[in-house]
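First up is the structure itself, then whatever we jot down about it.
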Amino acid sequence: MNKQLVLNTLAAGLLSLMTVGGALAQSAKPAQELNLYSARHYQTDELLYAGFTKQTGIKINRIEASDNALIERLKSEGAKSPADVILLVDAARLWRAEKDGMFQPIQSAFIDERIPENLRAKADGGGNTWVGYSTRARVIVYNKARVKPENVTTYEKLADPINKGQVCTRSGSHPYMLSLVGAMIDRRGEAATEAWAKGMVANQARAPRGGDTDQIKAVAAGECGVALTNSYYLVRLMRSTKPEDQALMAKVGFLWPNQATSGTHINIAGGGIAKNAPHPEAAKKFLEYLATDAAQAYFADGNNEWPAVVSVKVENPGLKQLGAFKVEDVSVAAMGRNQIAAQKILDRARFK
């Protein structure tokens, strides 16, 4: 072999090694972007996402839509979905996404240490399928002029004949109702829960309709005497400076249900790593970021929710005004798992 041929061969080999080395270096470089599919559509979340980017340098690309729209989009995209993280609201919706195979396990000692076990759905083989990052309570609101608070101190009392013609609710097929009923199944069993559902239907002031804010307004207007609402809707109205909202809230009282028994039902906003995430390490970093003190405090201040991390102090004046309360000890995973049975019970009870 002549000298020139040897030099050419060595040069080609060196170039090949440089190319391979460059490719390996490129693949080892941390992902600098994250594709987030979120059903949280609060403007204040901008600060939450900006904090993650500032801390990590990872840019967040967002797709925001309703829970149902996101789930349908993920189904249609299949294995080619660009989603890295999926954030949904309500345990029932998170469980549905889990059953549709949309998550991969989250292996994180930090998350396990920070987030209480009852706010996480355990994955087969270890880790978590999805995690709750904030909580909201299902509270009772009542018309001060029409209803005595002692008659509506529990979820069970809403189904008592004493409240006939007084009760307003959302649709029986709404996830908020399915999660509440799912929790009731877990602690009382299906037979007792079905009897409750039938009592609720018998006590309805009108057919179920509208959102939680609509229920509060209906109570204030006297259309019904008592209703259920998620706590953050109530706090929004309590913190409002609008004269019409202040006048509305002057007519409405609220209470924590089941304080002498099982405790008040809570639900979550949460999320997990998408099954086909192209940037799984960035996704894990983001979910761990949501469990930090700074992000957890934001949930309280930004959307009137309680942090999932119990050690984080809440400075939100609206939440402070609500005060402390006993929380129902039911796993969010059980609430989600029971939603099919819950829907069947509500259907049999003709809870529309």
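The values are calculated or read from the model by the stated rules, or taken from the named source; none is laboratory data. This is a predicted model, so every value here is computed, not measured. Neighbour counts run over all protein chains shown; Cβ positions are idealised from the backbone, glycine included.
Hey, does the stretch 335-342 have a residue that's over 20 Å from the mean Cα position of the chain (by Cα), of a type outside the set (S, T, N, Q) and at pLDDT 95 or above?
yes
In the stretch 254-277, how many are part of a strand (DSSP E or B) and either of a type in the set (S, T, N, Q) or touching a Lys or Arg at 6+ places or on another chain (Cβ under 8 Å) (or both)?
Final tally of qualifying residues: 6.
Looking at (1) within 29 Å of Ala50 (Cβ to Cβ); (2) surrounded by 18 or more Cβ atoms within 10 Å (Cβ to Cβ); (3) of a type outside the set (A, V, I, L, M), can you tell me which one Arg337 breaks?
For Arg337, the exception is condition (1).
Taking the criterion of being in contact with a Pro (Cβ under 9 Å, 6 or more places away or on another chain), in a helix (DSSP H, G or I) and in contact (Cβ under 8 Å) with a residue 40 or more places away in the chain, would at least one residue in the stretch 225-234 satisfy it?
No, the conditions are met nowhere in the stretch 225-234.
Considering each of Ala39, Ala28, Ala23, Ala69 in turn, give the residue that is at pLDDT 80 or above, loosely packed, with under 15 Cβ neighbours inside 10 Å and not charged (D, E, K, R).
Only one candidate qualifies: Ala69.
Has the stretch 202-211 got at least one residue that is crowded, with 18+ Cβ neighbours inside 10 Å, modelled with pLDDT of 95 or more, in the same structural domain as Met177 (by TED's automatic domain parsing) and within 14 Å of Tyr155 (Cβ to Cβ)?
yes
Rundown of residues vs (1) of a type in the set (S, T, N, Q); (2) under 22 Å from Ala183 (Cβ atoms), yes/no style:
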site	(1), (2)
Asn68	yes, yes
Glu72	no, no
Asp84	no, no
Val89	no, yes
Ala97	no, yes
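Look through Thr169, Thr153 and report the one residue that is crowded, with 24+ Cβ neighbours inside 10 Å and either touching a strand residue (DSSP E or B) at 6+ places or on another chain (Cβ under 7 Å) or over 27 Å from Asp347 (Cβ atoms) (or both).
Of Thr169, Thr153, the one residue that is crowded, with 24+ Cβ neighbours inside 10 Å and either touching a strand residue (DSSP E or B) at 6+ places or on another chain (Cβ under 7 Å) or over 27 Å from Asp347 (Cβ atoms) (or both) is Thr169.
When the residues of the stretch 99-116 are filtered to those that are part of a helix (DSSP H, G or I) and in contact (Cβ under 8 Å) with a residue 24 or more places away in the chain, which remaining residue is nearest to Leu88 (Cα to Cα)?
Ile111
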